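Derivation of every value follows stated rules applied to the coordinates shown; laboratory data play no part. No experiment lies behind these values; they were computed from the predicted model shown. Here Cβ is always computed from backbone atoms with ideal geometry, including for glycine, and neighbour counts include all displayed protein chains.
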Amino acid sequence: MNSVSSKHKEKDQAHNEQIDHKLARVRHLVLDVDGVLTDGRLYFDNSGNELKTFSTLDGHGIKMLQKSGVQVAIITGRRSSVVERRAHDLGVHKLIQGREDKFTALKELFGEDGYRLEDIAYVGDDYPDLLVMKRVGCPISVPNAAPPVREHAIWVTEARGGEGAVREVCDRIMKAQGTFDTALAPYLQTD
C-alpha cells in the first residue's frame, strides 16, 4: 500500500514538472470569459442589461502577469460592453468577442505579431474552447468545465471559474518562469 502511494506521488510530481516546463515557455495567456473569468452564470436586469461579476484576484493576477512580460488576450463567444470595460481596466488590448470559432479568432489576434502555438496557454471551460485547446501548448481548464474540456486539459485549476482560477494560472506561470518573487516583492516591502 505504501509503495502504491509513493508511485502515485512520483507520477503526480512528474506530471506537475511537465506542466511547469510547458508554462515556463508561455508568452501568451488567452482566456475565455463566461465560466473562466466569471462563474458562467448570466445575469440580466429588468431592462435587459447584462451583468457579470469578476474576481478581483483574477484581475490583479492578470496585471502582474502582463507586467512580467506575458501578453494576455481574451476570446469570448458572447458580446458584452462589460467585458470590453473589464479588458480595458486590466490593460488587455487583445480582445475578440462574439466568436464561436475561437481558433480562427486566435489566429486573427496574433497573426500580425507572429506566434507559436506551443507558447500559448489557453484557459477554457466549454466545447467551443476545444478548438483552441487541442492546438496550443498549454490547454488549461477550470473544475466547473464540461467533462470533455477537462479531459483535454494538461491541468485543471483548483479554483473554479470566476473564483480565482485565473489568478491561480497567472501565479503558476510566473512561478514556472521565475518571475513570481519579483512580481510579489513590492507587496512585501516594510519600508
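Key figures for this structure:
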read-out: Footprinting exposure proxy for 108, 151 (fewest neighbouring C-beta atoms within 10 Å first); value: 151, 108
read-out: Net length gained if the chain between residue 67 and residue 15 were fully extended (0.36 nm per residue, minus Cα distance); value: 15.9 nm
read-out: Amide H partners (placed H, <5 Å) of residue 74, local residues excluded; value: 31, 94, 95, 96
read-out: For peptides 11-19, 62-70, sequence by mean Cβ density within 10 Å, most packed first; value: 62-70, 11-19
read-out: Nearest 10 degrees, 0 to 90: helix 56-67 Cα axis against the chain principal axis; value: 80 degrees
read-out: Order of 28, 21 under a 10 Å beta carbon neighbour criterion, fewest first; value: 21, 28
read-out: DSSP beta bridge pairing in segment 25-185, given as percent antiparallel to the nearest 5; value: 10 percent
read-out: Cα gyration tensor shape for segment 46-153, rounded if a/c is under 1.5, else prolate or oblate; value: rounded
read-out: Folded to 0 to 90 degrees: helix 2-24 orientation relative to the chain principal axis, Cα; value: 50 degrees
read-out: Residue pairs, from the table 102/134; 63/107; 52/175; 67/94; 107/134; 67/107, whose Cα atoms sit over 21 Å apart; value: 63/107; 52/175; 67/107
read-out: Segment 102-191: translational diffusion in µm²/s, Stokes-Einstein, Kirkwood Rh over Cα pairs, 37 °C, 0.692 mPa s; value: 229 µm²/s
read-out: Angle in degrees between helix 81-90 and the longest Cα principal axis of the chain, rounded to the nearest 10; value: 50 degrees
read-out: Debye equation applied to the C-alpha atoms of the chain, log10 I(q)/I(0) at 0.18 Å⁻¹; value: -1.22
read-out: Cut-off under 5 Å, modelled amide H: who pairs with residue 144 long-range; value: 161
read-out: Which of 130, 37 has the fewest Cβ neighbours within 10 Å, and the rest in rising order; value: 130, 37
